[in-house]
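S.K.: Quick one: this structure, given as structure tokens, is what I'll be asking you about.
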Amino acid sequence: MKKIKSISVLLFFLIVSSCDISSDMLNINNSDNLDDYINSLEEYSHEESHNSSYIYDQDKLHRFDIYLSENNLKVLDDDPAAEKYVEGFLVFEGKVVKSVGVRYKGSIGAWVGCLSDPDWTNPNGFKTCPKLSMKIKINWREDKKFYGMKKIQFHSQNLDKSKMHERLGYYMFRNFGVNTPRSNHALIYINGEYTGLFANTENIDGPYTNEHFDGGGGNLYKEVWPVNSEGSSREEEYFIGGLKTNEELSDVSKAIRFSNLLNDNENEALKDVVTKWIDKDIFLRTLVVDRRIANDDGFMHFYQEYGNYYENHNYFWYEFPDQDKFQLIPWDLDNAFENIIQNVNPVTPIKDKWYEISNNCKGFRFGQFNLKQKSAACDKIIGSYTDYIEDYNTLDQAFQNELYNMSNINSLIDRWSSQIRKAVDEASVLYGENEPSLQEWEYNIEILKNSIEESLN
């Protein structure tokens, strides 16, 4: 009996290993079946030669298999917005990473149309889409790494029918000298079943800062802006609440000092503070790319939070440990390129150019949903750069000459389209109207290209 079971497991492994996109559903109604399969695989062991650059290689379309017990998958599917980790297994190139944490992830936009409760402002209910964004916590049970990383994540791209926004946006930032995550595409399978094509986007955490910043080890803050929308300093608790590294120390004294300096200074003195603490060239490069790709759900969009206070979203700050410096890291680019010509997304449109001010820096309503926002140039940091329009324009021209031109963009999109075409088609065949057809996807690819070209003209 034991010999028969081993042969069955081996046969299954050979089937899975030889397939490209086709599904090979593992029957896991009996937990023994899952255990047998997982135990038949060689366990992954991180080696010094395993570099994360392999995972984000632009010439690779990697396949990742996630295995979950029937009960654990049900826990995730019954309440995705809870973002609760359950135990699972990650299989990559025939090797298994055991006892990883698996959960769905997302901001409000990620859940739209994918949960049973139709109220998109309060994500709730069970999963109704074929796929949702996922995070895999490699070090969930013990301190271990996968190609140098402790977490990996896959973004559903459910609202992006071109499947290109994230990958193209991050590529543009990174190749113009702005430190942002790497991103490519990936095939995701759950229990042997093809779930779909995802954006494989690098997680921003401690391993990320160690990899991409000289020395690493500095504080990383998520969605913590150094001053509030009135220009006043922030409290210690605010910075601690956004801390994503060095939490055990919670030393945010440098961030508080920067915040207080912003609060205490105006005009030329303020500009001196900002350019001392934030590299002028890098920040202007960030502004150039952000505005060219219309990243309107990013750090440039100050939404009304409550009363007269407005907050922006989808960014990190890295605090250099050995100097008084901060660097902004853009994040969550799935809505980029949508409003590049006209305001397609009813939630995200920004009225002003980055250096313009409306309503004397008071809030105003704008867009199809009539949501209240505030001009980004009213912010003490962003506003300090409005004197550098000539430098901005020079960098903008360089960006177009080097990267953001139709020859380069068409080449990139065509190459990546060839890479993912089969995966897009297969998802459409499996999930029908829940995924764009090949024709619909091709149409949206052309819309993306034409929109960029029109924006450049």
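Rule-based calculations on the coordinates, nothing more; no lab input. Just so it is clear, the structure is predicted and the values come from calculations on it, not from any experiment. Reconstructed Cβ throughout: ideal geometry from the backbone, glycine too, with neighbour counts over all protein chains shown.
S.K.: Determine the dipole magnitude for the chain: charges of +1 sit on the beta-carbon of Lys and Arg, -1 on that of Asp and Glu, nothing else is charged, the reference point is the Cα centre, and the result goes in debye to the nearest 20.
M.R.: Details: 48 positive and 73 negative charges, 101 e Å.
Dipole magnitude for the chain comes out near 480 debye.
S.K.: Here's something else I'd like to know. Run the numbers on the range 38-102 and let me know its relative contact order in percent, using alpha-carbon pairs under 8 Å that are six or more apart.
M.R.: Working: 68 pairs, mean separation 24.6, N = 65.
Over the range 38-102, the number comes to 38 percent.
S.K.: Here are some pairs, 222/449; 222/325; 84/151; which of them have Cα atoms lying more than 22 Å apart in this structure?
M.R.: Numbers: 222/449 32 Å; 222/325 16 Å; 84/151 15 Å.
The pairs that break the limit, which is 22 Å between Cα atoms, are 222/449.
S.K.: Note down the net charge around residue 231, summing +1 for each Lys or Arg and -1 for each Asp or Glu among other residues with Cβ under 13 Å from its Cβ. Present the calculation step by step, with values, prior to reporting the outcome.
M.R.: Values: positive: 234, 374, 380; negative: 230, 264, 266, 379.
Result for the local shell: -1.
S.K.: Continuing with this model, one more query. Gain in length, residue 414 to residue 281, computed as 0.36 nm per residue apart minus the alpha-carbon separation, to one decimal in nm? Mind dumping the intermediate values first?
M.R.: Working: separation 133, 0.36 × 133 = 47.88 nm, distance 3.11 nm.
Here the answer is 44.8 nm.
S.K.: Name the residue from 371, 249, 115 whose Cα lies farthest towards the positive end of the charge dipole of the chain, charges +1 on Cβ of Lys and Arg and -1 on Cβ of Asp and Glu.
M.R.: Looking along the dipole axis, the top candidate is 115.
S.K.: Here's another thing I want to ask about it. Which of the following values of Cα Rg over 2.2 N^0.38 Å was calculated from the structure shown: (i) 1.70; (ii) 1.32; (iii) 1.02?
M.R.: Answer label, from the structure shown: (iii).
S.K.: Rank by packing, highest mean first: peptides 260-270, 168-178, with packing defined as the count of other Cβ atoms within 10 Å averaged across residues.
M.R.: Values: 260-270: 14.9, 168-178: 20.9.
Highest-to-lowest ranking by the protection proxy: 168-178, 260-270.
S.K.: Between residue 439 and residue 309, 0.36 nm times their residue separation minus their Cα-Cα distance comes to what?
M.R.: Taking 0.36 nm per residue and subtracting the Cα distance, the gain is 42.4 nm.
S.K.: Could you calculate the contour length gain from residue 58 to residue 193, that is, 0.36 nm times the residue separation minus the distance between their Cα atoms, to one decimal place in nm?
M.R.: Details: separation 135, 0.36 × 135 = 48.60 nm, distance 2.44 nm.
Roughly 46.2 nm would be gained on extension.
S.K.: I would also like to ask the following. Points 7 angstrom from Cα along the Cβ direction at residue 36 and residue 260: gap in nanometres?
M.R.: 6.7 nm
S.K.: Report the one residue of 314, 445, 341 whose Cα lies farthest in the direction of the positive end of the charge dipole of the chain (charges on C-beta: Lys and Arg +1, Asp and Glu -1; origin at the Cα centre).
M.R.: Value computed over the given set: 445.
S.K.: Using Cβ contacts closer than 10 Å as the measure, can you line up 406, 149, 164 from fewest to most?
M.R.: Values: 406 14, 149 21, 164 26.
In order of increasing Cβ crowding within 10 Å: 406, 149, 164.
S.K.: Need one word for the range 272-318: rounded, prolate or oblate. Basis is the Cα gyration tensor (sqrt eigenvalues a ≥ b ≥ c); a/c below 1.5 gives rounded, then a/b vs b/c decides. Don't jump to the answer; show the numbers that get you there.
M.R.: On the way: a/c = 2.49, a/b = 1.35, b/c = 1.85.
It is oblate, given that a/c is not under 1.5 and a/b is not larger than b/c.
S.K.: Can you compute the helix-only [θ] at 222 nm over the chain? Use -39500 (n - 2.57) per DSSP H run of at least 4 residues, normalise by all residues, nearest 500 deg cm²/dmol. Could the numbers behind the result be given before it?
M.R.: Values: 14 runs with 164 residues, N = 457.
After summing the helix terms and dividing by residue count, I get -11000 deg cm²/dmol.
S.K.: Between residue 450 and residue 211, what is the label-to-label distance in nm when each label sits 7 Å out along the Cα-to-Cβ direction?
M.R.: 3.7 nm
S.K.: Follow-up question, since we're still on this one. When Lys and Arg each count +1 and Asp and Glu each count -1, what net charge do the other residues less than 14 Å away from residue 432, Cβ to Cβ, add up to?
M.R.: Summing Lys and Arg as +1 and Asp and Glu as -1 gives -4.
S.K.: Checking the a/c ratio against 1.5 first, then a/b against b/c, what shape does the Cα gyration tensor give for the range 167-265?
M.R.: Working: a/c = 2.35, a/b = 2.07, b/c = 1.14.
Prolate, since a/c reaches 1.5 and a/b exceeds b/c.
S.K.: I've got another one for you. Rounded, prolate or oblate: pick one for the range 2-203, where a ≥ b ≥ c are the square roots of the eigenvalues of its C-alpha gyration tensor, a/c under 1.5 means rounded, and failing that, prolate if a/b is larger than b/c, else oblate.
M.R.: On the way: a/c = 1.77, a/b = 1.22, b/c = 1.45.
Verdict is oblate for the range 2-203.
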